[in-house]
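Derivation of every value follows stated rules applied to the coordinates shown; laboratory data play no part. Just so you know, these numbers come straight off a predicted model, no measurement behind them. Positions of Cβ are generated from backbone atoms using ideal geometry, with glycine treated the same way; all protein chains shown enter the neighbour counts.
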Amino acid sequence: MSKKQFGPQPWIFPNPTVLVGTVVDGKPNFAPYAWSGITGGDPPTLSVGIRHERYTLIGIKQNKVFSVNIPSVDLLEETDYCGMVSGAKVDKAEECGFNIFYGRLDKAPLIEQCPVNLECEVLHILNVGIHMLVVGKIVQTHITEDCLTDDQPDILKIKPFVYSRGPTARYNAVGDVLGQAFNVGKSLKKKHIGS
Amino acid sequence: MNKKKLGPQPLLWPHPTVLVGSHVDGKPDFAAVAWTGVAASNPPAITIALQHHRYNLKGIYQNNTFSVNIPSEDLVKETDYCGLVSGADTDKVKDCNFRVFYGNLETAPLIEQCPINLELEVVHILNMGSHALVVGKVVETYISEDCLTGDRPDMIKIKPFAFGPFKYHAIGEAFADAFSIGKEIKSKSK
């Protein structure tokens with residue numbers, strides 16, 4: 001076995017890339033995060049790991065609400081930019097030309113250009129070292145109509161991208177379908193379990 | 001604006017696809033999980049969400065340790081199988097021909113064929129309604145040596161895949177460098 005040990009590393013691959021939206025001191029702000037995940041299905045919930053000193057965390061603590069916006073590959077440049085500068089210094093929404101709208105929560109700004117927008121209420125904020133784990137309940141989901149196929153969200157139309165740590169930090173697109181889930185493993189199930 | 005409301009949906013795409021390992025009643029078991037994410041970097045911590053009745057979760061409660069194994073595209077059939085059947089009914093390790101090894105934690109089974117393996121200790125378990133959210137601290141990381149490029153993990157060699165929705169997707173070629181492509185807007189706004 002040729003395995004190499006690296007000490008403790010946060011290596012879950014692939015990582016989605018999202019823009020977290022908050023209102024800080026009355027002004028909308030957005031920052032990209034790759035360390036997020038779904039944390040439950042009923043009610044739908046998610047988590048985002050955010051460093052203590054981030055401007056975004058100020059807005060989350062002020063209002064106990066936030067948004068998660070899934071950018072498409074067309075917004076790659078804007079997403080990367082939002083990770084290079086702080087909302088304490090610049091108005092990222094203006095500089096990126098984001099059209100902002102609001103749904104149920106008046107302190108969870110949503111980006112019209114992002115194909116998917118989630119409005120979230122804070123459920124938990126856990127101290128996990130140099131990050132805070134913010135767990136939010138999704139209260140509404142918005143999707144751009146042309147990203148639907150037969151009324152269902154279509155990942156190939158949404159065109160989300162992933163953040164990858166490799167030789168350098170990179171963004172990768174979502175590629176070809178490898179197989180149908182809860183289906184491609186059925187041949188093994190037939191062999192070992194029957195039917 | 002052409003937006004449609006779908007009600008609350010867990011629509012955070014793409015989802016990673018991992019095999020969570022635990023020891024249930026002394027025996028290694030693996031479950032396929034898409035609802036996972038990184039929580040923190042120092043100490044490195046991750047989350048996984050499992051429905052309360054899951055067999056694999058029983059092992060996590062029994063030992064307070066578990067593993068996360070990142071399968072490559074070559075293991076898509078075995079991964080799907082691990083999501084179709086319960087460890088209560090069959091020995092998934094045998095059915096999938098997984099070669100199991102152990103590191104520091106004797107109740108966190110690792111799959112040799114998976115290019116990345118994380119050994120974890122439980123730090124929190126939160127009740128999220130339908131799911132239990134397990135927050136784990138990574139105590140050791142293993143990577144198959146042929147997935148390294150210049151001593152760094154290379155996602156193109158690891159070949160992880162994404163779940164969403166009801167299909168597995170490969171990860172495409174890198175199309176931009178992070179903390180770099182946005183510099184154009186940064187220089188414009190200065």
Virtual spin-label span in nm between A:ILE125 and B:ASP89, 7 Å along Cα→Cβ: 4.4
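When A:TYR55, B:TYR61, B:TYR81 are ordered from fewest to most other Cβ atoms inside 10 Å of their Cβ, what list results? Don't skip to the end; give the middle numbers.
Details: A:TYR55 18, B:TYR61 13, B:TYR81 25.
The order, fewest Cβ neighbours first, is B:TYR61, A:TYR55, B:TYR81.
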Gaussian network model of chain A, Cα within-10 Å springs - most flexible of A:GLY87, A:GLY26, A:GLY59: A:GLY26
Residues B:ASP29, A:ASP74 arranged by fewest to most Cβ contacts within 10 Å: A:ASP74, B:ASP29
Sorted by Cβ neighbour density within 10 Å, fewest at the top, the residues B:SER187, A:SER164: B:SER187, A:SER164
Estimated inter-spin distance, A:SER195 and B:GLN51, nm [label 7 Å along Cα→Cβ]: 1.8
Debye log10 I(q)/I(0) at q = 0.13, 0.14 Å⁻¹ for the protein assembly as shown, Cα point scatterers: -1.03, -1.19
Selection of trypsin sites (Lys or Arg not before Pro), the range B:62-166, meeting DSSP coil and at most 12 other Cβ within 10 Å: B:ARG99
The range A:1-110 - charge dipole about Cα centre, Lys and Arg +1 at Cβ, Asp and Glu -1, debye rounded to 20: 540
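Test of understanding: what is the full-extension gain from A:GLU53 to A:ASN99, defined as 0.36 nm times their sequence separation minus their Cα-Cα distance?
Working: separation 46, 0.36 × 46 = 16.56 nm, distance 2.69 nm.
Stretched fully, the A:GLU53-A:ASN99 segment lengthens by 13.9 nm.
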The range A:95-195 - Kirkwood radius from inverse mean 1/r over Cα pairs (Å): 17.7
Dipole magnitude of the protein assembly as shown, debye to nearest 20 (Cβ charges: Lys/Arg +1, Asp/Glu -1, about Cα centre): 400
A:LYS4 paired with A:LYS27, simple spin-label distance in nm, labels 7 Å along Cα-to-beta-carbon: 4.5
Within 10 Å of each Cβ in B:28-35, the average number of Cβ atoms from other chains: 2
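Run the helix sum for the protein assembly as shown: -39,500 (n - 2.57) per DSSP H stretch of 4+ residues, divided by residue count, reported at 222 nm to the nearest 500 deg cm²/dmol.
Working: 10 runs with 65 residues, N = 385.
The per-residue figure over the protein assembly as shown is -4000 deg cm²/dmol.
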Under 19 Å from A:LYS3, Cα to Cα: aspartates and glutamates that are on another chain or at least 8 residues apart: B:GLU73, B:ASP74, B:GLU106, B:GLU112, B:GLU119, B:GLU140, B:GLU145, B:ASP146, B:ASP151, B:ASP154
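Which value, in Å³ per residue, describes the convex hull spanned by the Cα atoms of the range A:37-92? Present the calculation step by step, with values, prior to reporting the outcome.
Values: hull volume 6.1 nm³, N = 56.
Roughly 108 Å³ of hull volume per residue.
Roughly speaking, what is the stretch gain from B:ASN127 to B:GLU73, that is 0.36 nm per residue apart minus the C-alpha to C-alpha distance, in nm to one decimal? Let's see the in-between values first.
Numbers: separation 54, 0.36 × 54 = 19.44 nm, distance 3.21 nm.
Here the segment from B:ASN127 to B:GLU73 would lengthen by 16.2 nm.
Show me the chymotrypsin sites (Phe, Trp or Tyr not before Pro) within the range B:134-169 that DSSP assigns to loop and that have at most 14 other Cβ atoms within 10 Å of their Cβ.
Details: sites: B:TYR142, B:PHE161, B:PHE163, B:PHE166, B:TYR168; in loops: B:PHE166.
Counting only loop positions with at most 14 other Cβ atoms within 10 Å, the chymotrypsin sites (Phe, Trp or Tyr not before Pro) in the range B:134-169 are B:PHE166.
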Lys/Arg +1, Asp/Glu -1 at C-beta; the range A:15-192 dipole; positive extreme among A:ALA93, A:THR22, A:VAL135: A:VAL135
Size of charge dipole - the range A:146-191 - debye, nearest 20, with Cβ of Lys, Arg +1 and Asp, Glu -1, no other charges: 500
